[in-house]
Amino acid sequence: MTVAWGSIGVMWNKPFVQVVVRPTRYTFEFMEEFETFTLSAFGEKHITDLTYLGRVSGRDEKKLEKTSLTVIPSQIVKCPSYDEAELVIECRKIYSTRFNQDEFIDPSIKENYPEKDYHIVYFGEILHIDGTGKYLKK
């Protein structure tokens with residue numbers, strides 16, 4: 001998935017990632033259907049691919065075929081990873097909830113949702129991390 005918002009930390013005594021997905025996105029269907037997901041970080045040379053992946057829906061075309069990315073199996077989870085990724089975080093969903101407009105403390109947040117398509121927040125327990133280059137352990 002291509003995400004711009006998220007976090008990483010420890011909660012419920014588990015290392016976790018937190019990502020948000022709008023219910024109108026094709027990614028949402030996968031997040032709801034499957035128990036696991038991966039997050040990947042890429043180097044600058046893949047910025048064109050990532051921009052394309054973030055702008056075009058997989059509902060409309062087989063967009064991976066139009067990139068330089070190579071799908072490979074993940075180490076632990078069933079969903080795929082990418083050979084070109086410099087960092088892959090494999091996760092298992094442990095919690096999700098929909099943003100509730102009535103609970104926004106800052107009223108300006110509502111301006112981000114003119115269609116009222118409030119994000120779903122997913123917490124994923126980190127099961128495995130692979131890194132290359134700047135992400136390698138020292």
Q.
So, Ile89, is that one under 30 Å from Met11 (Cβ atoms) and free of Cβ contacts under 8 Å to residues at least 12 places away in the same chain or not?
A. no
(Q) Being within 19 Å of Gln18 (Cβ to Cβ) and in a loop (DSSP other than H, G, I, E, B): is that true of Val88 here? (A) no
Q. Failed condition for Gln18, given (1) assigned to a helix (DSSP H, G or I); (2) at pLDDT 95 or above; (3) within 12 Å of the chain's Cα centre (by Cα), with all others met?
A. (1)
Q: Would you point out which residue out of Thr48, Thr27 is part of a helix (DSSP H, G or I), modelled with pLDDT under 95, polar (S, T, N, Q) and surrounded by 15 or more Cβ atoms within 10 Å (Cβ to Cβ)?
A: Thr27
Q. When the residues of segment 24-83 are filtered to those that are in contact (Cβ under 8 Å) with a residue 12 or more places away in the chain and basic (Lys, Arg), which remaining residue is nearest to Ser96 (Cα to Cα)?
A. Arg25
(Q) Given the options Phe37, Phe99, name the one that is touching a Cys at 6+ places or on another chain (Cβ under 6 Å) and not small (Gly, Ala, Ser). (A) Phe37
**Q.** Yes/no for Ser74 being in contact with a strand residue (DSSP E or B) (Cβ under 9 Å, 6 or more places away or on another chain), more than 23 Å from Asp117 (Cα to Cα), of a type outside the set (Lys, Arg) and part of a strand (DSSP E or B)
**A.** no
Q: Scan Ile120, Ile89 and give me the residue that is closer than 18 Å to Gly6 by Cβ and in contact with a helix residue (DSSP H, G or I) (Cβ under 9 Å, 6 or more places away or on another chain).
A: Ile120
Q: Kindly indicate whether any position in segment 119-138 is under 19 Å from Glu33 (Cβ atoms), outside any strand (DSSP E or B) and modelled with pLDDT of 95 or more.
A: yes
**Q.** Among (1) out of contact with any strand residue (DSSP E or B) (no Cβ under 7 Å at 6 or more places or on another chain); (2) of a type outside the set (Phe, Trp, Tyr); (3) surrounded by fewer than 13 Cβ atoms within 10 Å (Cβ to Cβ); (4) closer than 18 Å to Ile120 by Cα, the one test that Ser7 misses
**A.** (1)
Q) For segment 53-95, which residues satisfy the criterion of being exposed (fewer than 15 other Cβ atoms within 10 Å of the Cβ) and aromatic (Phe, Trp, Tyr)? A) Tyr95
(Q) Within segment 67-83, does at least one residue satisfy the condition of being acidic (Asp, Glu) and over 18 Å from Gly131 (Cβ atoms)? (A) no
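The values are calculated or read from the model by the stated rules, or taken from the named source; none is laboratory data. Everything numeric in this text was worked out from a predicted model, so none of it was measured. Note that we place each Cβ from the backbone using ideal geometry, even for glycine, and neighbour counts take in every protein chain shown.
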